[in-house]
Amino acid sequence: MEAYFDNSATTRCSQGAKDVMVRALVEDYGNPSSLHVKGMEGENYIRDAKAKISKTLKAKPTELVFTSGGTESNNLAILGAAMANKRSGRHLVTTVIEHPAVSAPMKFLEEQGFSVTYLNVDKDGLISLEDLERAVTDETILVSVMYVNNEIGAAEPIAEAAQAIKKKNPGTLFHVDAIQAYGKYIIHPGKMGIDMMSVSGHKIHGPKGSGFLYVKEKTKVKPVIYGGGQQKNLRSGTENVPGIAGLGQAAQEAYEEFAQKQAHLYQLKEAFIGGLDGEKWAHFNGRTGRDSAPHIVSLSVDGVRSEVLLHALEDRHIYVSAGSACASNKPARSATLTAIGIRQDYLDSTVRVSFSTQNTLEEVEYCIANLKELVPMLGKYTRH
């Protein structure tokens, strides 16, 4: 049996997304900027994807900008909003547990003379709304808070955060990194007070190299990629029509029978946590109930380094990650695990298990059985 539990790193492309991409690659391959029929065929894929995605958001198709993925969406939102609004102020607010695709542009802006306030989180990875409101000033042009933390699955109070920001400064823009949340939650950015929102295709069974940024109408954003002026000058470059088509299809599929899909993810999560209940070596980080993301579990294991456990599970065809995929091949300690204050030895002994709707309870049981067998055995060989 194979159990792929690294779905927060990437997901398997759905059959529907693959089929529409192949069609756009080999049949309707025109450049959407071309004025002939082949170009119009390409343009139709983009229009269709916008219609599908905007329906899931209850947004306007004109409020979507297609990108190469979550990192570009975050960079466009943060750098683009900072450059477009710097005359109103040069202060930004974010959290200490953001993905590098948010924290790195923030650091870059600090080098350009902007000031950034980093909000701390509690032991569950949640921000304080009081701290957020205090941090926002007349000079604050942008707040960026992730919806779901990619390592521990903490789900931030996004709608309440938007209220706190707008109450303090109605002109402050609110950006949300929803890369781990879109497809797992119903998100209507207009209703929730979100001005910009980043999404990545390959986290929802779409293709890698695809994503979008929701930009609320009349929000001032400058481009970070210049060229031929595609997408209303916000993101130049020939559109990745196959990627966009696959993304649109995956987005539509993610929200079909949504309640059942979300319930299935929580069922898998609860079965995994329940299956290890009573094991003295198993410690879960952050919240584990339905007040946390349905698909992410952070597990610290006494006496076994995460890389050792990861490869032992890999030998049994079980795939998990040692933290976030973007950090698992780097020696740096996890900013999220450090911020929530877990025990020092757990910083090197934590794995992330992340589910998709394609996973089964049988796979979860297979993983639990192997963990119960492997951990005591691996612990014997660990030097203290």
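Okay, here's what the table says:
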quantity	calculated
Residue within the range 107-122 that is aliphatic (A, V, I, L, M) and within 17 Å of the chain's Cα centre (by Cα) present	no
Check on residue 40, without any contact (Cβ under 8 Å) to a residue 60 or more places away in the chain, aliphatic (A, V, I, L, M), open to solvent by 20 Å² or more (accessible area, probe 1.4 Å) and out of contact with any Lys or Arg (no Cβ under 8 Å at 6 or more places or on another chain)	yes
Leading residue by the ranking (nearest to residue 146 (Cα to Cα)) among those in the range 114-124 that are polar (S, T, N, Q) and free of Cβ contacts under 8 Å to residues at least 40 places away in the same chain	117
Of the criteria (1) in contact (Cβ under 8 Å) with a residue 24 or more places away in the chain; (2) farther than 24 Å from residue 352 by Cβ, which one residue 134 fails	(1)
Selected residue (criterion: nearest to residue 340 (Cα to Cα)) from residues of the range 99-108 that are in contact with a helix residue (DSSP H, G or I) (Cβ under 8 Å, 6 or more places away or on another chain) and either open to solvent by 20 Å² or more (accessible area, probe 1.4 Å) or at pLDDT below 95 (or both)	99
Options 139, 111, 160; residue that is without any contact (Cβ under 8 Å) to a residue 12 or more places away in the chain, charged (D, E, K, R) and loosely packed, with under 15 Cβ neighbours inside 10 Å	111
Cβ-Cβ under 6 Å pairs, at least 6 apart or on other chains, the range 232-260 side over 14 Å from residue 211 (Cβ atoms) and open to solvent by 30 Å² or more (accessible area, probe 1.4 Å), far side at pLDDT 95 or above and aliphatic (A, V, I, L, M)	249/17; 249/20
Options 216, 222, 184: the member that is farther than 12 Å from residue 59 by Cα and surrounded by fewer than 24 Cβ atoms within 10 Å (Cβ to Cβ)	222
Positions within the range 22-37 being in a helix (DSSP H, G or I) and open to solvent by less than 40 Å² (accessible area, probe 1.4 Å), in sequence order	24
Residue ID - least open to solvent (accessible area, probe 1.4 Å), chosen from residues in the range 346-383 that are without any contact (Cβ under 8 Å) to a residue 40 or more places away in the chain and over 27 Å from the mean Cα position of the chain (by Cα)	369
Residue 72 vs. criteria among the acidic types (Asp, Glu), modelled with pLDDT of 95 or more, assigned to a helix (DSSP H, G or I) and within 20 Å of the chain's Cα centre (by Cα)	yes
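The values are calculated or read from the model by the stated rules, or taken from the named source; none is laboratory data. None of these values were measured; they are calculated from a predicted model. Cβ coordinates were reconstructed from backbone atoms using ideal geometry, including for glycine residues, and neighbour counts include every protein chain displayed. Quick note on the areas: whole protein, heavy atoms, side chains included, nothing else; ligands and nucleic acids left out. Shrake-Rupley method; radii C 1.70, N 1.55, O 1.52, S 1.80 Å.
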